[in-house]
Amino acid sequence: MRGCLPALLILAACSQEPADTTDTREPLAVQYVGVAQMPVHARPEDKSPVVTQYQHSESVPVLARKGDWAEVRTAMGSGWVHQNQLASAAEAAQSKDNPNAQFEHPPAPVSAPGAHGTIYIQADVNTDGEIIKTTLITDTTGSQSLAEQNEFALKRSKFFPMIIRGERKPFQYFYRVDY
């Protein structure tokens, strides 16, 4: 009988069914990602770990709301996002037809005390959000050096990729600096 006890314990442990951790709650709403990338946090706190990210215009089932946060369904359960990063179906449709470029890393400001005028630069941006070419369109400051510094700052910046109907697209961005 002593030899049978360990075998019975192993048999009992193996016969237990695994716990089902699937979240089966019905969503309160389905909304869409209204920003280029939306981090999903483990808890409704900015300092909590990011468990996944959603991309612009993806649909997101909303499970609960708590203050400025919304609990959303993820592949591994759920997480929390800022409610102001979610959009309605109408807003998402408009955004797909007329997307806005968003900086991932904006250009560093170029200070020029005493300068007056406007610098206007056209940037060609590839599908990864990298600026591949700039063209100075207007410089009414009278300072070629200031225009060059702004072009350099713009070249070092980066955009979130422009996603239109699920595909990354190159685009042009027009950058204006007023002094």
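The values are calculated or read from the model by the stated rules, or taken from the named source; none is laboratory data. Note that the structure is a prediction, hence the values are computed from the model and not measured. Methodologically, a virtual Cβ is constructed for each residue, glycine included, from the backbone with ideal geometry; neighbour enumeration extends over all protein chains shown.
Can you pull out the residues in region 144-166 that are modelled with pLDDT under 95 and farther than 17 Å from residue 102 by Cβ? Of everything in region 144-166, those that are modelled with pLDDT under 95 and farther than 17 Å from residue 102 by Cβ turn out to be 165, 166. Can you list residue pairs whose Cβ atoms sit under 6 Å apart, with the first residue in region 29-42 being within 13 Å of residue 87 (Cα to Cα) and not assigned by TED's automatic domain parsing to the domain that holds residue 62 and the second being assigned to a strand (DSSP E or B) and not aromatic (Phe, Trp, Tyr)? Count only pairs 6 or more apart in sequence or on different chains. Nothing qualifies. Counting just the residues of region 79-89 that are touching a strand residue (DSSP E or B) at 6+ places or on another chain (Cβ under 6 Å) and in a strand (DSSP E or B), which one comes out surrounded by the fewest Cβ atoms within 10 Å (Cβ to Cβ)? Among them, the one singled out is 87. Consider residue 68 against the criteria (1) at pLDDT 95 or above; (2) surrounded by 15 or more Cβ atoms within 10 Å (Cβ to Cβ): it satisfies all of them except one. Which criterion is unmet? That leaves (2) as the condition not met. Of all the numbered requirements in (1) in contact with a Ser or Thr (Cβ under 6 Å, 6 or more places away or on another chain); (2) more than 30 Å from residue 23 (Cα to Cα), residue 71 misses one, and that requirement is (2).
The one condition from (1) assigned by TED's automatic domain parsing to the domain that holds residue 36; (2) surrounded by 14 or more Cβ atoms within 10 Å (Cβ to Cβ) that residue 76 does not meet is (2).
Cβ-Cβ contacts under 6 Å between residues 6 or more apart (or on different chains), taken from a first residue in region 44-59 that is touching a residue at least 40 places away in the same chain (Cβ under 8 Å) to a second residue that is among the hydroxyl-bearing types (Ser, Thr, Tyr), are listed as 57/32. Report yes if some residue within region 65-74 is under 19 Å from residue 166 (Cα atoms) and part of a loop (DSSP other than H, G, I, E, B); otherwise report no. Within region 65-74, none of the residues are under 19 Å from residue 166 (Cα atoms) and part of a loop (DSSP other than H, G, I, E, B). The residue pairs whose first member lies in region 99-116 and is under 15 Å from residue 176 (Cα atoms), whose second member is surrounded by fewer than 15 Cβ atoms within 10 Å (Cβ to Cβ), and whose beta carbons are closer than 6 Å, counting only pairs six or more residues apart or on different chains, do not exist in this structure.
Residue 123: part of a helix (DSSP H, G or I), in contact (Cβ under 8 Å) with a residue 24 or more places away in the chain, out of contact with any Cys (no Cβ under 9 Å at 6 or more places or on another chain) and among the aliphatic types (A, V, I, L, M), yes or no? Spelling it out, it is not the case that residue 123 is part of a helix (DSSP H, G or I), in contact (Cβ under 8 Å) with a residue 24 or more places away in the chain, out of contact with any Cys (no Cβ under 9 Å at 6 or more places or on another chain) and among the aliphatic types (A, V, I, L, M). Return a yes/no flag: does region 146-164 have any residue that is assigned to a strand (DSSP E or B), in contact (Cβ under 8 Å) with a residue 40 or more places away in the chain and basic (Lys, Arg). Within region 146-164, one or more residues are assigned to a strand (DSSP E or B), in contact (Cβ under 8 Å) with a residue 40 or more places away in the chain and basic (Lys, Arg).
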